[in-house]
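Note sheet for the following structure.
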Amino acid sequence: MSAVTGETMPVGAVPVVQTSRLTKSFGAVHALADLDITVGEGVTGLVGANGAGKSTLIKILLGLLEPTSGAARVLGHDIATEGDRIRQLVGYMPEHDCLPPDVSASDFVVHMGRMSGLPATVARERAADVLRHVGLDEERYRQMGGYSTGMKQRAKLAQALVHDPRLVFLDEPTNGLDPAARVDMLQLVQRIGRDFGIAVLVTSHLLGELERVSDHVIVLDGGRLLRSSATADFLGHTGGLLVEVLGGDAARDQLGEALAQAGLHCRPRGPLVAIDPPPEALAAPGVAHDIVRDTTADLGLALVRIEPDQAHLEDVFLTGGHA
Amino acid sequence: MSQMSDRTGVIHDLGYRGYAGQRESTAALVRHLFLTGLRHAYGLGRSGRSKVLPFLLLGFSVLPAVIVVGVVTFIDADSLPLSYAAYTSQLQMLTSLFAAAQAPVLFSRDLRHRSIVLYLARPLSAALFALTRWASLAVAILAFALLPILVLYVGGLLAGLDVSEQTPDFLKAVVLQVLLASLLATITGVLASVALRRGFAVVASIVVLIVAVGVVLIVQGVADFEGIAHVGEVAGLFSPWTIHNGLAESWDAGSAIGDLDGAWPAVYVVTALGLVAAGLALLAARFTKVGAR
Ligand SMILES: Nc1ncnc2c1ncn2[C@@H]1O[C@H](COP(=O)(O)OP(=O)(O)O)[C@@H](O)[C@H]1O
Ligand SMILES: [Mg+2]
């Protein structure tokens, strides 16, 4: 399903992650307590103060830790019995340092691709692609020991994406980054969910950091579910979209007219086409998005991006009184 | 997700390409990890500096074999001056050093830098990962011990030694080396996975492999001299080298050190295999524990 329109999964589809009474105790510490959550497609933010149980949840879903009790399924597979299958389909960017210092990012990402089952030539191609996407250019041939925190985070992200996973767990990807690098990283996270079509579960201990890039936010507190708010539901309601195409104002207006003919109300906003929430007949999940895609293709225009109208997203939080 | 794959054909600017092709089997993953580890044990695919020590040690251990072959050829001898197993035993210092120095490459790095987490988040299980790492080290050590006796064997045959005499001795020595390499890989691997710092791991391995064999030999010497039964045999169980040498002697592969009769060879083999099995279980547990942190 598309994350672009911000829709939740279609009825009957398998959730990306589903837990049921998931519990993990370390002696007297209850890291997770009877946790029931459902994660859908798109970007899901997992937010909670330090010690809330975010990392523990991810490690259990990956099979790195065993739960004390309860059950969970990842992409329809049971964590208790199908861990190896899950680990084929999932990418993981851990919270802490995990890069050998005496290897280049390029060599390391190729090797990790192979360890996920990519044939040699594919691993090399995909490693180069993915390193470009995360923004490691010439540095990728240097040993990672000399990298800045930002570069290390990018290399960690690249190894999580190299095997084209269905889902990635990104544990505190903005940790240790300066404000500018933080914005870059969040944009990258958003692109992974929306443009790469990979479901994302991303954590942060900063309340309010992930709302902008997430379709859905889950808040944990002391191992318990505090709130699971579907920003996606709201967008599904109104479904406002922003579209950008190459070719300047002429291309923008050409697209706007064509979309109007297809039944979508839209207007120019700067270089973008802003599409109003679609009328009843076109309000079904993904329909407006598909119209944009097909119309652009028919006109032979190069689509730069489609994204939910951020203005609407912010409205949700303003009216919802969120941090 | 599915929409994305449709879309990639249209939107060139987004640029992300998925991969819908074949994924390799577990066996292929193990093979890749094994070969990478084996190469790394000799510094191949690593920095130039890391090749120096393994190849220097290898050179030192092959050199005497080349000299022996030269002498055998020159004086036209009809046998080697020492058996293959005895040669292996003579080089225990170099082989122990190789194992001690290279085990951290395979057993400390992933744990110290925590890249183990990235491996364990992939399809191979912790147990299979540990087993594969161990196999890389064991085969690296085997290759180290095997090369010089291969030089002896091939050189000896070229110098006119009798094939039917040499071959059984050579093959016995190889079998003993497999057991020896397994023991050395287990001991140095476990120590490296616990010590993490390379210096500690190397020192601990050298103490266990080189100092222990000295202590065992002293105990065996005393027991022999005093004529005390079984003490020497039991002491021999405490070093992979005395296990190797004892078995070599009892199997008539000739190491001239130690001697085993009765049920002792069986006890030695069972002890060796038990130690390897226990070590592998320890390694798997260690990787699992660090991977969950
Ligand atoms: N291996 C462990 N041993 C003991 N306690 C742990 C361990 N891992 C996590 N915890 C505890 O579990 C709780 C949740 O930790 P964690 O999942 O790391 O939280 P978060 O990632 O949200 O910061 C914390 O109280 C932490 O101290
Ligand atoms: Mg954490």
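Among the residues of segment A:68-100, not one is part of a strand (DSSP E or B) and near ligand 1 (Cβ under 9 Å from one of its atoms).
Restricting A:D221, A:D215 to those that are buried (at least 21 other Cβ atoms within 10 Å of the Cβ) and either among the acidic types (D, E) or free of Cβ contacts under 8 Å to residues at least 60 places away in the same chain (or both) reduces the list to A:D215. Is it the case that A:A127 is more than 23 Å from the chain's Cα centre (by Cα) and either away from ligand 2 (no atom under 16 Å from the Cβ) or open to solvent by 40 Å² or more (accessible area, probe 1.4 Å) (or both)? No. Considering segment B:47-96, and only residues there that are open to solvent by 60 Å² or more (accessible area, probe 1.4 Å) and touching a residue at least 60 places away in the same chain (Cβ under 8 Å), the residue that is nearest to the chain's Cα centre (by Cα) turns out to be B:M93. So, in segment A:191-212, of the ones that are more than 14 Å from chain B (Cβ to nearest Cβ) and open to solvent by less than 10 Å² (accessible area, probe 1.4 Å), which residue ends up nearest to B:Y16 (Cα to Cα)? Filtering segment A:191-212 for residues that are more than 14 Å from chain B (Cβ to nearest Cβ) and open to solvent by less than 10 Å² (accessible area, probe 1.4 Å), the one nearest to B:Y16 (Cα to Cα) comes out as A:V202. The condition (being in the same structural domain as A:V217 (by TED's automatic domain parsing), buried (at least 18 other Cβ atoms within 10 Å of the Cβ) and within 12 Å of ligand 2 (Cβ to nearest atom)) is satisfied by just one residue among A:L46, A:L99: A:L46. Being away from chain A (no Cβ under 14 Å), open to solvent by 40 Å² or more (accessible area, probe 1.4 Å) and under 21 Å from B:T95 (Cα atoms) holds for only one residue in B:V222, B:V213, B:V234, B:V269, and it is B:V269.
Restricting attention to segment B:104-142, report how many residues are within 11 Å of the chain's Cα centre (by Cα) and without any contact (Cβ under 8 Å) to a residue 40 or more places away in the chain. Number satisfying all stated conditions: 1. A:L65 fails exactly one of the following numbered conditions: (1) within 9 Å of ligand 1 (Cβ to nearest atom); (2) part of a strand (DSSP E or B); (3) outside the structural domain of A:F196 (by TED's automatic domain parsing). What is the number of that condition? Every condition holds for A:L65 apart from (2). If you take the residues of segment A:192-207 that are among the small types (G, A, S) and away from ligand 2 (no atom under 16 Å from the Cβ), which of them is farthest from A:F169 (Cα to Cα)? Here the answer is A:G197. Scanning segment A:154-190 for residues that are open to solvent by 10 Å² or more (accessible area, probe 1.4 Å), within 14 Å of chain B (Cβ to nearest Cβ) and assigned to a helix (DSSP H, G or I) returns A:Q187, A:L188, A:Q190.
Could you count how many residues in segment A:92-117 are acidic (D, E) and within 7 Å of chain B (Cβ to nearest Cβ)? Adding up the residues that qualify gives 2.
The values are calculated or read from the model by the stated rules, or taken from the named source; none is laboratory data. Small disclaimer: the values here were computed from a predicted structure and weren't measured. Don't worry about glycine lacking a Cβ; one is built from the backbone with ideal geometry, like all the others, and counts go over all protein chains shown. With ligands, DNA and RNA removed, areas are computed over all heavy atoms of the protein, side chains included. Shrake-Rupley method; radii C 1.70, N 1.55, O 1.52, S 1.80 Å.
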